[in-house]
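One structure is given here, and the rest of the page talks about it.
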Amino acid sequence: PRSRPLLVPFATATAAAALVVASLFAVQADKTQDQLDAQRARASEIANVLAAPDARAAAGEDAQGRTIGVIASASAGRAVVTLSGYGELSSGRVHQLWLMRPDEQPRSLGLFDGDTPLVASGLDKSATSLAVTVEPDGGSPQPTSQPVVQLALKSVGFGE
């Protein structure tokens, strides 16, 4: 009987390990590409608001020096909103942005992800202010707490 060289099992194991490593790299590359695509889309949304001919900025500050800033375009119905100084919330809590209009329930515009600007869409001329509340992780259909900050939108072309 012929004996099998010792290198065959070693080569097979090495090839299998190389396939596993290559697969892991492919998965990571795909995940990284998805993150890059999402960041590019957000940057494009922000650029579109900033480039709008009617884009205007406003900011507000609370008693502790924390700020909310907005650059909004009434014609586009969009705004870029930033929070500064609010820090990280305890586990299971998020900052949620609300559109406030007279005689209507607040409408969620999204959740803040740390200091990342939030691009809000669907603003209409009746919008009077933006409010930020602290909500359970994942957000709420309606505010469950008083706003930690609120910013009137009249100076940026809304609430007319």
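The values are calculated or read from the model by the stated rules, or taken from the named source; none is laboratory data. Owing to the predicted nature of the structure, the values given are computational and were not obtained by experimental measurement. Positions of Cβ are backbone-derived with ideal geometry, glycine not excepted, and every protein chain shown enters the neighbour counts.
Quick check on my filter: what residues within the range 40-68 are among the small types (G, A, S), closer than 16 Å to V132 by Cβ and touching a residue at least 60 places away in the same chain (Cβ under 8 Å)?
A58, A59, G60, listed by residue number.
State whether the residues of the range 29-36 include one that is among the small types (G, A, S), part of a strand (DSSP E or B) and either outside the structural domain of Q142 (by TED's automatic domain parsing) or at positive phi (or both).
No, the range 29-36 contains no residue that is among the small types (G, A, S), part of a strand (DSSP E or B) and either outside the structural domain of Q142 (by TED's automatic domain parsing) or at positive phi (or both).
Only one residue in R93, R78, R56 is at pLDDT 85 or above, of a type in the set (K, R), loosely packed, with under 15 Cβ neighbours inside 10 Å and within 19 Å of L109 (Cβ to Cβ), so which one is that?
Of the residues listed, the single one that is at pLDDT 85 or above, of a type in the set (K, R), loosely packed, with under 15 Cβ neighbours inside 10 Å and within 19 Å of L109 (Cβ to Cβ) is R93.
Checking the conditions here, which among S90, S145, S73, S108 is out of contact with any helix residue (DSSP H, G or I) (no Cβ under 6 Å at 6 or more places or on another chain) and within 22 Å of E45 (Cα to Cα)?
Just one listed residue meets the conditions, S108.
Between A127, A72, which is outside any loop (DSSP other than H, G, I, E, B) and either touching a Ser or Thr at 6+ places or on another chain (Cβ under 9 Å) or of a type in the set (A, V, I, L, M, F, W, C) (or both)?
Going through A127, A72 in turn, just one is outside any loop (DSSP other than H, G, I, E, B) and either touching a Ser or Thr at 6+ places or on another chain (Cβ under 9 Å) or of a type in the set (A, V, I, L, M, F, W, C) (or both): A72.
Could you say which residue among A22, A26, A58 is part of a strand (DSSP E or B) and either farther than 30 Å from L151 by Cβ or in contact with a helix residue (DSSP H, G or I) (Cβ under 6 Å, 6 or more places away or on another chain) (or both)?
A58
Going through T116, T14, T82 one at a time, which residue ends up being more than 23 Å from V132 (Cβ to Cβ) and either within 13 Å of the chain's Cα centre (by Cα) or not hydrophobic (A, V, I, L, M, F, W, C) (or both)?
T14
Quick grid of which residues meet (1) in the same structural domain as S44 (by TED's automatic domain parsing); (2) surrounded by fewer than 16 Cβ atoms within 10 Å (Cβ to Cβ); (3) over 18 Å from K154 (Cβ atoms); (4) at pLDDT below 90:
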{"site": "L83", "(1), (2), (3), (4)": "no, no, yes, no"}
{"site": "M100", "(1), (2), (3), (4)": "no, no, no, no"}
{"site": "E104", "(1), (2), (3), (4)": "no, yes, no, no"}
{"site": "L130", "(1), (2), (3), (4)": "no, no, no, no"}
{"site": "P136", "(1), (2), (3), (4)": "no, yes, yes, no"}
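Quickly run through the range 1-53 and pick out the residues that are hydroxyl-bearing (S, T, Y) and at pLDDT 80 or above.
Of everything in the range 1-53, those that are hydroxyl-bearing (S, T, Y) and at pLDDT 80 or above turn out to be S23, T32, S44.
S155 fails exactly one of the following numbered conditions: (1) within 21 Å of the chain's Cα centre (by Cα); (2) surrounded by 14 or more Cβ atoms within 10 Å (Cβ to Cβ). What is the number of that condition?
(1)
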